[in-house]
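S.K.: Mind having a look at this structure? Questions to follow.
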Amino acid sequence: MVKILMAVFFVGVATAPVEAHEMRQPIPILLDRMYGVLLLLEQNKTAEAIYQIGTVEELLQTKGLLGLTQTAAKLDQAYRTTVAESLGAAIAARDAARLKSAIYSLTYLLMLEKLDQLTAMLPNRDVRPDTRKVVMDLARDYFSHIFEETFGRRRPAQVKTMEQILDRMDGAVRQQAATQFEQLRRQLSQAVLSHFAAELLPGLPG
Amino acid sequence: MSAGALKAPPGLGVLACLLLFGFGELSGALQGGYRQEIHQYAIARAQAHPAAHQLTGVEDIDQVILERVADRSLARVHTFHLHSHGLGLVTIILLTVLANTGFSPRTRAALSLWVSLGLLYPFGWLTLAWTLPSLGEAAAFQLAERLFFIPFGGAYLLAVGALIVLYATDLIKQRREGTPP
């Protein structure tokens, strides 16, 4: 009996799916809560999702961090986008689809922000490998926690393609290969923008 | 050295070990009681030295870097806590061994002093914990290394090495003369 139980246990362990979206750094509060909001929206709990956004703002502000709308406004200024406005409008209209779009777009911009940091860091020999790794890990975590987690099952081939690009970007960051990284960064942006065109707000930068 | 006539180690040496134990206990209590405050303080000090930690100005990146600095700072306090207890205990044993050897009083006193100096070595971890948020990890480690790890850690290693050699020599000599060690 014990042998049978052990066999079942080991078969279970051997076939357990490997966690694809393994986080590489502690999850930023904003990312974690955006994921929570998306989950609620997926379950058609729009009112709860909007309430959750309110609590995120409070939580982040008490910790001295930028809130969701402030983050969106900051990124809008940097990338000439209108995510903050869309977010506000979606909340006011209680429009779940638009709210999801705003969150996906914000995630994309947050990822882009990290990748742009890496573009600036890579030619600089004074930047420690540890620092570069943190930035790359965070960019990847934004992708993994939101896009991979949400679309991994629905569009596995596309998500896998983007994961492979991210793997190569990881390698380029480790080797400090700025040109290769830049090419991959463009590939990734194009892939995200084309594969998730229906989910993202229009006019996002590549 | 026989168990029946075990001599106590020098009082000052024992006091030094007890002091190190005390500091170790204090650091443990601080860690337990004020963990959050130490964490916040380390973050605030690291924020005041952005260049040392290569802060980027991007909130979520910096948050990860600052949290890591604070965690590492706290981890060094913990290492001090562990080393101060371990080293205090080992030093009491070494001082007891020394007190019971057949070395001349001058050699015993010199070796006891030498071993006791090693008790300052764990303070390198405290230095590291304290300076890491302002200097960055590499510079803080270099400072701790220069002030504590190399002089006192090195002294301790050499003292233990010297004690082993002298003790072994004494043992061989006593064996040859047929006297009990």
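S.K.: At a 1.4 Å probe radius, which order do B:Ile150, B:Ile38 fall into by accessible area, largest first?
M.R.: From most exposed to least exposed: B:Ile150, B:Ile38.
S.K.: Tell me, what ³J(HN,Hα) does each residue in segment A:140-156 have, in order and in whole Hz, if you take phi through Karplus 6.51 cos²θ - 1.76 cosθ + 1.60 with θ = phi - 60° and put x for Gly and Pro?
M.R.: Working through the residues one at a time gives 5, 4, 4, 5, 4, 6, 9, 6, 5, 5, 7, 10, x, 8, 6, 9, x Hz.
S.K.: Would you calculate the separation in nanometres between label points at A:Thr62 and B:Ala139, each defined as 7 Å from the Cα along the Cα-to-beta-carbon direction?
M.R.: Spacing of the two 7 Å Cα→Cβ label points: 3.6 nm.
S.K.: Ok, one more. So how do A:Lys100, A:Lys45 rank on accessible area, 1.4 Å probe, biggest first, that is with the largest at the start?
M.R.: A:Lys45, A:Lys100
S.K.: Could you name the lysines whose alpha carbon sits less than 29 Å from that of B:Lys7, not counting residues in the same chain fewer than 8 places away?
M.R.: Within the straight-line cut-off, B:Lys7 pairs with B:Lys173.
S.K.: Give a residue-ordered list of calculated ³J(HN,Hα) values for segment A:103-115 (Karplus: 6.51 cos²θ - 1.76 cosθ + 1.60, θ = phi - 60°; whole Hz; x for Gly, Pro).
M.R.: Taking θ as phi minus 60°, the curve returns 5, 4, 5, 5, 4, 4, 5, 5, 5, 4, 4, 5, 5 Hz for segment A:103-115.
S.K.: Among A:Gly54, A:Gly64, A:Gly36, which one shows the highest mean-square fluctuation when chain A is modelled as a Gaussian network with alpha-carbon springs under 10 Å?
M.R.: Comparing A:Gly54, A:Gly64, A:Gly36 in the GNM, the peak value goes to A:Gly64.
S.K.: With every protein chain present, what accessible area does B:Leu163 have (1.4 Å probe, heavy atoms only), rounded to the nearest 10 Å²?
M.R.: Roughly 10 Å² of B:Leu163 is accessible to a 1.4 Å probe.
S.K.: Please turn the phi angles of segment B:27-34 into ³J(HN,Hα) values with the Karplus equation 6.51 cos²θ - 1.76 cosθ + 1.60 (θ = phi - 60°), one per residue in order, whole Hz, x for glycine and proline.
M.R.: 3J(HN,Hα) across segment B:27-34, in whole Hz: 5, x, 5, 4, 4, x, x, 10.
S.K.: Dipole magnitude of the protein assembly as shown about its Cα centre, charges +1 at Lys/Arg Cβ and -1 at Asp/Glu Cβ only, in debye to the nearest 20?
M.R.: It comes to approximately 1180 debye.
S.K.: Mind jotting down the distance between the C-alpha centroids of segment B:12-58 and segment B:129-155, whole Å?
M.R.: Here the two parts' Cα centres lie 14 Å apart.
S.K.: Now for a separate question. For segment A:27-195, with only Lys/Arg (+1) and Asp/Glu (-1) charged at the beta-carbon, what is the dipole magnitude about the Cα centre, in debye rounded to 20?
M.R.: 340 debye
S.K.: State, to one decimal in nm, how far the label point of A:Ala78 lies from the label point of A:Ala157, with both points 7 Å from Cα in the Cβ direction.
M.R.: Label at A:Ala78, label at A:Ala157, 3.4 nm between them.
S.K.: Please report how far the C-alpha centroid of segment A:109-141 lies from that of segment B:80-118, rounded to the nearest whole angstrom.
M.R.: Cα centres, segment A:109-141 to segment B:80-118: 50 Å.
S.K.: Students sometimes get this wrong: rank A:Val192, B:Val90 by accessible area, probe 1.4 Å, all chains present, largest first.
M.R.: Correct descending sequence by accessible area is B:Val90, A:Val192.
S.K.: Points 7 angstrom from Cα along the Cβ direction at A:Lys45 and A:Gln187: gap in nanometres?
M.R.: 4.0 nm
S.K.: Any chance you could list the semi-axes, whole Å, largest first, of the equivalent ellipsoid that the Cα gyration tensor gives for chain B, using √(5λ)?
M.R.: They are 44, 16, 10 Å, listed from largest to smallest.
S.K.: Residues with beta-carbon under 13 Å from that of A:Ala198, excluding A:Ala198: net charge, scoring Lys, Arg +1 and Asp, Glu -1?
M.R.: Taking every Cβ under 13 Å from that of A:Ala198, the sum is +3.
S.K.: Further question: Would you compute, from DSSP H runs of 4+ residues alone, the mean residue ellipticity of the protein assembly as shown at 222 nm, taking -39500 (n - 2.57) per run and dividing by the full residue count, rounded to the nearest 500?
M.R.: After summing the helix terms and dividing by the residues of the protein assembly as shown, the value is -24500 deg cm²/dmol.
S.K.: Looking at segment A:90-114, which residues lose a minimum of 50 Å² of accessible area between their chain alone and all protein chains in place, measuring with a 1.4 Å probe and not counting ligands or nucleic acids?
M.R.: none
S.K.: Let me ask you something else. What whole-number value in Å² describes the accessible area per residue of the protein assembly as shown for a 1.4 Å probe?
M.R.: 52 Å²
S.K.: What size of dipole, in debye to the nearest 20, comes out for segment B:42-181 about its Cα centre when the only charges are +1 on Lys and Arg C-beta atoms and -1 on Asp and Glu C-beta atoms?
M.R.: 860 debye
S.K.: Taking a point 7 angstrom from the Cα of B:Glu177 along the C-beta vector, which residues in segment B:79-111 have backbone N less than 11 Å away?
M.R.: B:102-104
The values are calculated or read from the model by the stated rules, or taken from the named source; none is laboratory data. Please read all numbers here as calculations on a predicted model, not as lab measurements. Every residue, glycine among them, receives a Cβ derived from its backbone with ideal geometry; neighbour counts consider all protein chains shown. Only protein heavy atoms, including side chains, enter the accessible area calculation; ligands, DNA and RNA are left aside. Shrake-Rupley method; radii C 1.70, N 1.55, O 1.52, S 1.80 Å.
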